[in-house]
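Novice: Dropping the structure in here first, questions after.
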Amino acid sequence: MTGTPRVVVILLVEDDAGDVLLLREALADARVVNDLHVLGDGEKAMAFLRRLPPYENAPRPDLVLLDLNLPRKNGHEVLQEMKADPELRAIPVVILTTSDSEADIALAYEHYANSYVTKKSNLDEFLDLVRKLDEFWLQIVRLPPPGGAAPPKKGLP
Amino acid sequence: MSAPGAGTASSDFERFTRATVNLLEDAAAEKSRLEGALRAAFNILEDFAEEKRRLEDNQRAVLNILEDAARERLTLEDSQKAALNILEDAAVEKGRLEEMQRALLNILDDVDVQRASVERTNRILSEEVERRWRTEGELKAHAEALARSNAELEQFAYVASHDLQEPLRKIQSYCQLLERRYKDELDERGKTYINFVVDGSERMQNLVRDLLAFARVRSAAKPLQPTDAGASLQEALGYLETPIQEADAEVRAAPLPLVNADPSQMTQVFQNLISNAIKFRRPDAKPVIDVRAHLEGHLWHFVVRDNGIGIEPAHLERVFVIFQRLHGRGEYPGTGIGLAICKRVIERFGGRIWVESTPGEGSAFHFTVPALKEEGA
């Protein structure tokens, strides 16, 4: 693995196809080398994180981008479960949502969200946002070492 | 007896003596008769004196009696007078008593009437009390309904803000993505179409956001409390730092009072009014905005005066109506909600807001806010 930058595994938990595509476009625009996994509801997200069937071979995410409004199990519940699980709580979780309600923000931090970001309506602003997320979380910040996880996959840019 | 010839000298003597004795005896008898008469006279005199005394006594007694009688008569007269007075007083008293009796009878009559009216009043009162209980119950029910309605409104506002804006975000973002990705393949018309779509969705978002702000004037309102209007103004000026700098505007403020209001809403009012004053400025004049207040009774009367483009008399009331704008969208930005929000806030505080204006010279926005309880005439 020398010389090859580790590809960052990002888990996006988002049910809106439009938002998923937007994030993909933004990540591409920011030229983030990543392995993006997308799941549409909280239950699937937990199964993926715990490598339960059908996600036995799921990679351990380096970063989780989590929407709050999800079917079956919402973002707050996923966050709580992740942070309560010793295996999962070290994974940084960025709440990425449209809600700017103070109640949602407070609740997220109370459940140990690593940060809370509101999606922007303006495309340029959103692209800028994702660029900054990449800069902060994937370049500036030191992420926890992968310990205990399956070997990182070589992803496609 | 004289013997004839016995001795005549002796017999004369004897005779004389006897006559003298007889005379003496007669004299003595006379004397005694006189004495007797004298004594009798004396007795009579004594009796007479006695009688006189008795008479005098009687007379005195009679006089006394007469005196007593006279005194008695006086006393009697007095008593009579007194008795007459007493009788008069008694008559007066009787008169008064009769009056009182009549009055009492009247009062009793009135009491009867009063009692009837009191009974009627009691009936009305108990009906009123029942009605009040019912009204109180209804009021409580209304208050609960209002609280529920407010909660629903808050919920609605949240949904509006969140779920309504969501699709708008998509429209905007993807139109912009479209433009970026396919700008080489889009002709001018295509780009114009996209611009209109983006513009439309942006405006819709602003409208939704402003509607939310309008609704939240009531639903998210804090209870009225002592508020430093000066501090609110300063906070508003803080938010408007950029527009103020860009327009080179000058804001002058006289010292502003403490009022009974909601602090963040007070800031909103100043922010909206001053932002308008800057927005609707005359192109040839540096915007000068003056804020001052004076006490009128129990209300503080604020005036925010500007030297902007002014408002025509026909529109002085329309400007406060939600989403009413006086200019084309291309001329001045904004949804037309700023003043509607100000009006809603001021009316919530218990005041009034109105505007005076001279087109071409400027406008003066007046609003009143209740003073704190201890102040005011």
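The values are calculated or read from the model by the stated rules, or taken from the named source; none is laboratory data. Since we're looking at a predicted model, the values are computed, not measured. Neighbour counts run over all protein chains shown; Cβ positions are idealised from the backbone, glycine included. Just so you know, the surface numbers come from the protein's heavy atoms only, side chains and all, with ligands and any DNA or RNA stripped out. Shrake-Rupley method; radii C 1.70, N 1.55, O 1.52, S 1.80 Å.
Novice: Under the condition of being within 11 Å of chain A (Cβ to nearest Cβ) and open to solvent by less than 50 Å² (accessible area, probe 1.4 Å), which residue from the stretch B:127-163 is nearest to A:GLU14 (Cα to Cα)?
Specialist: Residue satisfying both the conditions and the ranking: B:HIS162.
Novice: Name the single residue that is nearest to the chain's Cα centre (by Cα) among those in the stretch B:290-310 being open to solvent by less than 60 Å² (accessible area, probe 1.4 Å) and over 21 Å from B:ARG252 (Cβ atoms).
Specialist: Here the residue is B:GLY297.
Novice: Would you mind telling me which numbered condition in (1) within 14 Å of chain B (Cβ to nearest Cβ); (2) surrounded by fewer than 21 Cβ atoms within 10 Å (Cβ to Cβ) A:ASP19 fails?
Specialist: The number of the failed condition is (2).
Novice: Could you give every pair whose Cβ atoms fall below 7 Å, whose first residue belongs to the stretch A:128-157 and is within 16 Å of A:ALA28 (Cα to Cα), and whose second residue is modelled with pLDDT of 60 or more and open to solvent by 50 Å² or more (accessible area, probe 1.4 Å), counting only separations of at least 6 or pairs across chains?
Specialist: Close Cβ pairs satisfying both conditions: A:LEU129/A:LYS120; A:PRO157/A:VAL33.
Novice: Exactly one of these conditions fails for B:GLU166: (1) without any contact (Cβ under 8 Å) to a residue 12 or more places away in the chain; (2) within 14 Å of chain A (Cβ to nearest Cβ); (3) open to solvent by 60 Å² or more (accessible area, probe 1.4 Å). Give me its number.
Specialist: (3)
Novice: If you scan the stretch B:171-215, which residues turn out to be away from chain A (no Cβ under 11 Å) and in contact (Cβ under 8 Å) with a residue 60 or more places away in the chain?
Specialist: Passing the criteria: B:ARG203, B:LEU207, B:ASP210, B:LEU211, B:ALA213, B:PHE214, B:ALA215.
Novice: Of all the strands (runs of 3 or more DSSP E) wholly in the stretch A:52-129, which have at least 1 residues that are out of contact with any Cys (no Cβ under 9 Å at 6 or more places or on another chain), open to solvent by 20 Å² or more (accessible area, probe 1.4 Å) and within 14 Å of chain B (Cβ to nearest Cβ)?
Specialist: Strands (runs of 3 or more DSSP E) meeting the threshold: A:115-118.
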